[in-house]
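Here is the structure we will look at, set down as structure tokens.
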Amino acid sequence: APTAPAPGQSTPAANTAAQTGPQTVTVKSEPSQADWTKVCGKDGGSGTDICYTTRDFVSDQGQPVLAVAVYEMKNPATKQEVRVVRYLLPLGLLLQPGIRFTVDGQQGTAGKFAVCFPNGCFAEAGGVDAGVVAAMKKGTTLNVSVQNQTQREVTFAVPLAGFGKAFDGPAMDPKVLEEQQKKLQSELEKRSEDMRKKLEQPGAAGAAPAPKP
């Protein structure tokens, strides 16, 4: 049976990570979303007011990369306040190490992966201190660090512009939100269709033409 490496003995994966080092991926906001979106509702059972402020982010090529949502739950009766930061992250990451996020290099906050779906994995940090949300409201960049399958640290650099204004502002009208979601869906479908057409073009697969006899 294979034995675990002795302490200090590096594994091939660790060697790879050491050679390649951490990687930073800068993302930008989803073009079809004008700003962060704040949505509020009330939990019928407990009477808790629940608001979340969210935004989707894409790569330079416009491919969806991750989504951020900051939840704030207030119960008027018990005077309890709970904040949760939730992420939808790409598939193919190591789940066990969880995530870590910082704002502009301040002290980091740890989070755990909760569940994965075909479109990505949800990770969250529950019971987040009010100071973390305050830092996000004033901050410039949210750095979300994860590990990929080769144990290489990957950090997504997420722009925070507009977050504070949306978080403290009024909730979006549900009808407007529905329209925005429809627009986003049609935009994603159009992109998928464009990608499919490109792939169907001759030579798109990168195959070299056969030499003439």
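The values are calculated or read from the model by the stated rules, or taken from the named source; none is laboratory data. Only a predicted model underlies this, so the values are computations on that prediction, with no experimental measurement involved. When we count neighbours, we look across all protein chains shown, and the Cβ atoms used for this are built from the backbone with ideal geometry, even at glycine.
Some points to look at:
- Taking the criterion of being within 13 Å of Val84 (Cα to Cα) and part of a strand (DSSP E or B), the residues of segment 120-134 that qualify are Phe122, Ala123, Glu124, Ala125.
- Any pair with Cβ under 7 angstrom, 6 or more apart, that starts in segment 127-149 at a residue that is over 14 Å from Leu66 (Cβ atoms) and ends at one that is part of a loop (DSSP other than H, G, I, E, B) and among the polar types (S, T, N, Q): Ala135/Gln106
- If only residues of segment 24-41 that are hydrophobic (A, V, I, L, M, F, W, C) and assigned to a loop (DSSP other than H, G, I, E, B) are counted, the one that is farthest from Glu178 (Cα to Cα) is Val27.
- Filter result (surrounded by 15 or more Cβ atoms within 10 Å (Cβ to Cβ), within 26 Å of Thr150 (Cβ to Cβ) and at pLDDT 85 or above) within segment 11-58: Val25, Val27, Phe57, Val58
- Checking each residue in segment 42-66 for being in contact (Cβ under 8 Å) with a residue 40 or more places away in the chain and assigned to a strand (DSSP E or B) picks out Cys51, Thr53, Arg55, Asp56, Phe57, Pro64, Val65, Leu66.
- Of all residues making up segment 75-119, the number that are assigned to a strand (DSSP E or B) and closer than 22 Å to Val65 by Cα: 21
- Looking only at segment 144-193, and only at residues there that are assigned to a helix (DSSP H, G or I) and modelled with pLDDT of 80 or more, the one that is surrounded by the most Cβ atoms within 10 Å (Cβ to Cβ): Phe163
- Some residue of segment 117-132 being touching a Cys at 6+ places or on another chain (Cβ under 8 Å) and at pLDDT 95 or above: yes
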